[in-house]
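Nothing in this text is a laboratory measurement; each read-out follows from the coordinates by a stated rule. All figures in this text were calculated on a predicted structure; none of them were measured in a lab. Here the Cβ is made from the backbone with ideal geometry for all residues, glycine too, and neighbour counts use every protein chain on show.
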Ligand code: PEP
Ligand code: MN
């Protein structure tokens, strides 16, 4: 939105009025004089008409919203009867990859007993190296679904490419778009067309606006709801695998009022930091957390160092259940 000032306006007083309405304001100068204020907060409930009534304001130009469907989404995503957002935190737990039928059953039993709603696990794995374990594909989807059903859990798993979307839709309740695919627009369209709720991971170098626009793609092409997942962005410091952007989480939760969950496992790459950052995420307004867990992390086929040992999951989720935003 652009707020244009009258030539004789008291720019400071207009700024104070705008800030008092909770708006984030940037001044645009015409020579030494402040001529306009730019308001970047597209989610604001303040109407242009209300701003026009401020003393000193000549005009308010309201650009067409960039992501109207995201703006209208609301804080709760319904995933086939399970609400993410608007209440108690949702836990989405499981191994990085589905490794075998027996193992996913063992893990699912403990994930359910610990109080999680979703069983996660990759069947199609986005790996940096073509020589690393790529996932067991449709077998893994079948094992994951059976294990989830046996323990009353819902399934979240990734569609890595357009070719996987049909199969993943047969087995999953919540379709995951991985961070490496956040701007794979053909995939976003294909996943949107399934009409299923989607968990959209933020790309490692995406701005919040790009992330919201990716969500808009999904909603514009038919997804009924989108759960945004912050999983860490690229920082300069290799001490942790990524840099968890809790400011973005608070922004989505409190300003845009969207369902946002946090994945502290991929954000840190270290199991000893998963619980503290999961707490921080919930305190910042996250609607839930996604946690990788494994019965034998030392032998995991992927992401072992960040997997919480299965026997620690229940205590961790109990501790997280007491965190308030
Ligand atoms: C995952 O959750 O399995 C995964 C690969 O995460 P990301 O896309 O965030 O790297
Ligand atoms: Mn992983």
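Assorted remarks:
- Contact order relative to length of the range 217-325, as percent, for alpha carbon pairs under 8 angstrom and 6 or more apart: 22 percent
- Take the convex hull of the alpha carbons in the range 89-212; its mean projected area over all directions comes to 7.8 nm².
- Under the criterion of Cα pairs below 8 Å and six or more residues apart, the relative contact order for the range 120-164 equals 46 percent.
- Relative contact order (%) - criterion: Cα under 8 Å, at least six apart; region: the range 1-54: 40 percent
- Helical mean residue ellipticity (222 nm; -39500 (n - 2.57) per DSSP H run of 4+; nearest 500) of the chain: -9500 deg cm²/dmol
- Ascending count of other beta-carbon atoms within 10 Å, so fewest first, for 125, 110, 201: 110, 125, 201
- Whole-angstrom Cα spans of the range 1-121 along principal axes, big to small: 75, 27, 23
- Packing-based exposure ordering (other Cβ within 10 Å, fewest first) of 3, 208: 208, 3
- For the chain, the longest principal axis of the alpha carbon atoms and the long axis of helix 101-114 meet at an angle near 50°.
- Remark: 199, 182 ranked as 182, 199, counting other beta-carbon atoms within 10 Å and listing the fewest first.
- Label-point separation in nm, residue 133 to residue 240, each point 7 Å along Cα→Cβ: 2.5 nm
- In this label model, residue 78 and residue 102 are separated by 4.2 nm, measuring between points 7 Å along each Cα→Cβ vector.
- Paramagnetic reach from residue 180 in the range 297-318 [backbone N under 14 Å; point 7 Å along Cα→Cβ]: 302-303
- Relative to the compact-globule estimate of 2.2 N^0.38 Å, the Cα radius of gyration of the range 146-193 comes out at 1.20.
- Debye log10 I(q)/I(0) at q = 0.10, 0.13, 0.14 Å⁻¹ for the chain, Cα point scatterers: -0.59, -0.90, -1.01
- Separation of alpha-carbon centers, the range 108-141 and the range 149-224, rounded to whole Å: 15 Å
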